[in-house]
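A short write-up of the structure that comes next.
The values are calculated or read from the model by the stated rules, or taken from the named source; none is laboratory data. Please read these numbers as outputs of a predicted model, since none were measured by experiment. All Cβ positions, even for glycine, are placed from backbone atoms using ideal geometry, and neighbour counts span all protein chains on display. These area figures cover heavy atoms from the full protein model, side chains too; ligands, DNA and RNA do not enter into them. Shrake-Rupley method; radii C 1.70, N 1.55, O 1.52, S 1.80 Å.
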Amino acid sequence: MGKGGLNIVNRMDRLEDKEDFSILMKNLARVISSLDNEDALKIFYEAKDGIVSSSETIRKLGLTQKRYYVRLNELMKAGLIQKRDNKYQHTTLGKICYRLGEVLLEAVKHNEQLELIDKVRLSPSLSKKEKEEVIYAVSRSILANFADLLEGGIKPVGIVTRFEDIVAGTK
């Protein structure tokens, strides 16, 4: 099990009531399954700035009324979209999921570089220093792309492997 998986298990052990964890997992499953459809994702991304006219959105996305309203209802039940001020818009949870979606899209876009980092980390022929230098060079360009997405209080965390880079980063 990866380090992330252990963190979830450790958090679960600390929960006073195992039922709380079960409820959280069911809610997470509902959120994920509500987005597990191309039509739902289109509607979800369209709701970023608010959907004022469902009929216009249906036309724009090329959906039938039934497909639109079924997916919209699932997104609302999952707590990602709400109707407020005569428009459908993201809830706070929806806004967070939207930002996470942008980060995931960026990760998928850079999957080749991420695979290269994995291969370098596992390479038996490179020294630790060589691995750090290659990973730093590859991840630096990727982190620059993620930094643009992680605004509004969420700051990217990077690994600095050289003292010169720390000095350069403080200027």
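Numbers at a glance
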| read-out | value |
| --- | --- |
| Kirkwood hydrodynamic radius over Cα pairs of the range 87-126, then Stokes diffusion coefficient at 25 °C and 0.890 mPa s, in µm²/s | 198 µm²/s |
| The range 18-102: relative contact order in percent, alpha carbon pairs under 8 Å with at least 6 residues between | 31 percent |
| Cross-link reach list, lysines versus Lys95, counting only Cα pairs under 30 Å and skipping chain neighbours closer than eight places | Lys3, Lys18, Lys26, Lys42, Lys48, Lys60, Lys66, Lys77, Lys83, Lys87, Lys109, Lys155 |
| Reciprocal of mean inverse Cα separation for the range 48-104 (Kirkwood radius, Å) | 11.8 Å |
| Percent carbon-and-sulfur accessible area, the range 25-96, ignoring ligands, DNA and RNA, probe 1.4 Å | 49 percent |
| Solvent accessible area, Å² - Asp36, 1.4 Å probe, full protein context | 120 Å² |
| Potential lengthening between Glu164 and Gln65 on full extension [0.36 nm per residue; Cα-Cα distance subtracted] | 29.8 nm |
| For the range 17-150, convex hull volume per residue from C-alpha positions, Å³ | 156 Å³ |
| For the range 43-149: accessible area per residue (Å², 1.4 Å) | 65 Å² |
| The range 71-94 residues near the modelled Leu100 label - backbone nitrogen below 17 Å, point 7 Å along Cα→Cβ | 75-82, 90-94 |
| Calculated FRET efficiency for the pair Lys129/Lys77, C-beta based, R₀ 35 Å, to 0.05 | 0.10 |
| Largest to smallest principal axis extent of the C-alpha atoms in the range 31-80, angstrom | 26, 21, 15 |
